[in-house]
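The values are calculated or read from the model by the stated rules, or taken from the named source; none is laboratory data. These numbers were taken from a predicted model, which means no experiment stands behind them. Backbone-built Cβ (ideal geometry, glycine too); neighbour counts: all protein chains shown. Keep in mind that these areas ignore ligands, DNA and RNA; they rest on the heavy atoms of the full protein, side chains included. Shrake-Rupley method; radii C 1.70, N 1.55, O 1.52, S 1.80 Å.
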Amino acid sequence: GMMGGEQASQGVDMIANMFETLTEDGQAFTFGMNFDATDGITLDAGMQFKPESRSASYLHNAGVGAGKYLNNVPGGDFFFAAAMDFSGDGIKAFFNEHMEAAKEMDTSGMLGNMNFATLIKDSMGGAQVMGASNPMNMSGLLSTVVSYYETNDADSMIDSIAEMYDSMNNMDTGPLTTTASFDKAGTKLNGSTAHEYNVKFDLDIDQDGGAGFGAMMDPAMIMQGVFGPNKGPSGYIGKAGNGVVQTMNMDQQTYARAVDAANGKNTLGQTLMIRRAADHLQSNTVLELYFGVDHALNSVGPLLMMFGILPEFEQLQSHAPIAMGFTADGGGFTARTWLPMEVIGTAMELIPQEAFGQMGGEYEDDDNEGMDF
């Protein structure tokens, strides 16, 4: 299969160790909820760790703020966006330790040449956005992803990425063969040297059961649905702003917009809906996640209606996204989720009334008319 038994076993052990660590190092846990009929629902959770514990040592990251990196990726309709701040001492210690462990687990050799210690030391944070697209046209769900990484040494980061793609070329892992290339010279686009990269996956469904794909749909069609016509990750990487930008398609205009955004022009962080959602999150976040439910439903709604899952569907007006924020300081962490009332209302409208009847029962008593589902 694509993941050997040894790797799978290591992954299971890692998860088990994580839960054991939480149990041993944890000191207190809190949870809360706030409901505002006009604004939405806010869910909060937090966990404090024993002061001298290993877990607590990772959770000292004063002065961070992930949200600022949303001002370095392009604005527009999106399915998903994330922003991360790696500048804290605790986060750097965590990644140093665990990325070296990942290198040891890597049996493919893909990570062997990467200097994680230098990458982590120089990396400050970044953001990614997956633009909204129509899954029916098979242009690739991930082809709309644009990333920005702030770093103190952009040249070193690009060199490390180039080495990774070089090591992936002609990689053979059972039924999956990978070919990869990276243009080190690059091409000038919008004032930035854009390095083209291409990765292609070839899956032999007759070998080892095709890693479980044999009984499923054509693997080439799956690859196109995920990555687009190239059937693997491809796009441009180059220096822009205070770091590095990366696109996942070969459209030069997409790269030009990524460069503009890295320099603070037409960014996601400037959009009204993102600003509204971000205002509900904590300060000093190490990670922020945003889910564009409206655009996702507008893309898949017609498909769900075609298959009879939804009786009818009308295109939704623009909503604020669902937002999640995470902090990691003072020896503990907090997690907050904000669900906008528009999203809750849309979900209530889309769920068939029969489903409410099944969940809550049918009330025939006239005194309970207001409770009928």
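Some points to look at:
- Note on D44 and T118: the extension gain reaches 23.1 nm, defined as 0.36 nm multiplied by sequence separation minus the Cα-Cα distance.
- Charge context of M18, other residues only, Cβ under 15 angstrom, K/R +1, D/E -1: -4
- Solvent-accessible area per residue in the range 219-259 equals 37 Å², computed with a 1.4 angstrom probe and all protein chains kept.
- For the range 134-153, the residues whose amide N sits under 19 Å from a probe point set 7 Å from the Cα of D251 along the beta carbon direction are 134-148.
- Amide H contacts of G235 (H built 1.01 Å from N, in plane; Pro and chain starts excluded): Y197 sit under 5 Å, all sequence-distant by 5 or more or on other chains.
- Residue separation of I351 and V12 scaled by 0.36 nm, minus their Cα-Cα distance, works out to 118.4 nm of gained length.
- Solvent exposure of the range 118-168 as accessible area per residue, Å², 1.4 Å probe: 39 Å²
- Taking amide H atoms as placed 1.01 Å from N in the peptide plane, the amide H of G228 lies under 5 Å from those of G140, L141, each 5 or more residues away in sequence or on another chain.
- Sequence-distant lysines (8 or more away, or on other chains) whose Cα lies within less than 24 Å of K121: K68, K92, K103, K184, K239
- Residues I222, I351, I15, ordered by accessible area of protein heavy atoms at a 1.4 angstrom probe radius and largest first, appear as I15, I351, I222.
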